[in-house]
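The values are calculated or read from the model by the stated rules, or taken from the named source; none is laboratory data. Everything quoted here is computed from the prediction, not taken from an experiment. Every residue, glycine among them, receives a Cβ derived from its backbone with ideal geometry; neighbour counts consider all protein chains shown.
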Amino acid sequence: MRTASALALAAMMTFGACTSAAAPDASRDASNCPTSQPATLGSEVSNDIAFETTLGTFVVRLAVKNSPIAVSNMTALASCHFYDNVIFHRIAYMEDGTPFVIQGGDPTGTGAGGPGYFIKDEPVLGTYQRGVIAMARSSQPDSQGSQFFIVLDDAAAVPLESARTYAIMGEVVSGMDVVDAIAALERSSDDRPIDPPKIISTTVTPTAP
């Protein structure tokens, strides 16, 4: 089984393409995507993010109180359509065949890319279990960027808890069958899908906290 450290990704200082046309400011690019760690949203804010993919749509519910910095960052990136046309580049299973995680959010599709900045670490709250969405990272401090993973099985908690450095942002509330369909795709020996599924677009909707 790959250890939790194998899940970590060293994000490169690479900017992803966004498609909106808002004017830039000191911390946003021409597409209104952040160029540095975004401001933290209010602690009572909760958002659903719908990921429309080539295999269907799944929805995650993120609560700022879970991980204020990471949730605010993902919300900002999804809002500016940073994740549009980005693939899921990793489908990982444990040695015994138990599904582990699917991973995406890298605009380069290589597993080494990110938004061009890193966000600060914060305490990890919650439990790694099936349906949880968390930030991918390297073993270095403050190394989270745009990449994320979704836990496929409760058994994944053992390797993930051994590190307990991956910020838990929320969970899948709809479309877990789509996540499972992504996980079932044929993959190479290095966990890369043969025909990588793609995020077509993301939609952010405020929800009651």
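Listing for the model above:
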| read-out | value |
| --- | --- |
| Residue that is without any contact (Cβ under 8 Å) to a residue 40 or more places away in the chain, surrounded by fewer than 24 Cβ atoms within 10 Å (Cβ to Cβ) and more than 13 Å from the chain's Cα centre (by Cα), where the choices are 126, 97 | 97 |
| Answer residue from segment 165-190, given it is in contact with a Phe, Trp or Tyr (Cβ under 8 Å, 6 or more places away or on another chain) and outside any helix (DSSP H, G or I) and is surrounded by the most Cβ atoms within 10 Å (Cβ to Cβ) among those | 169 |
| Close pairs (7 angstrom Cβ cut-off, 6 or more residues apart or separate chains): closer than 19 Å to residue 111 by Cβ in segment 165-192, of a type in the set (Asp, Glu) anywhere | 167/122; 185/195 |
| The listed residue being in contact (Cβ under 8 Å) with a residue 24 or more places away in the chain, touching a Gly at 6+ places or on another chain (Cβ under 9 Å) and surrounded by fewer than 24 Cβ atoms within 10 Å (Cβ to Cβ), out of 87, 69 | 87 |
| Residue match in segment 104-112 (condition: β-branched (Val, Ile, Thr) and surrounded by fewer than 19 Cβ atoms within 10 Å (Cβ to Cβ)) | yes |
| Positions within segment 25-58 being modelled with pLDDT of 95 or more, surrounded by fewer than 20 Cβ atoms within 10 Å (Cβ to Cβ) and in a strand (DSSP E or B), in sequence order | 48, 50, 52, 56, 57 |
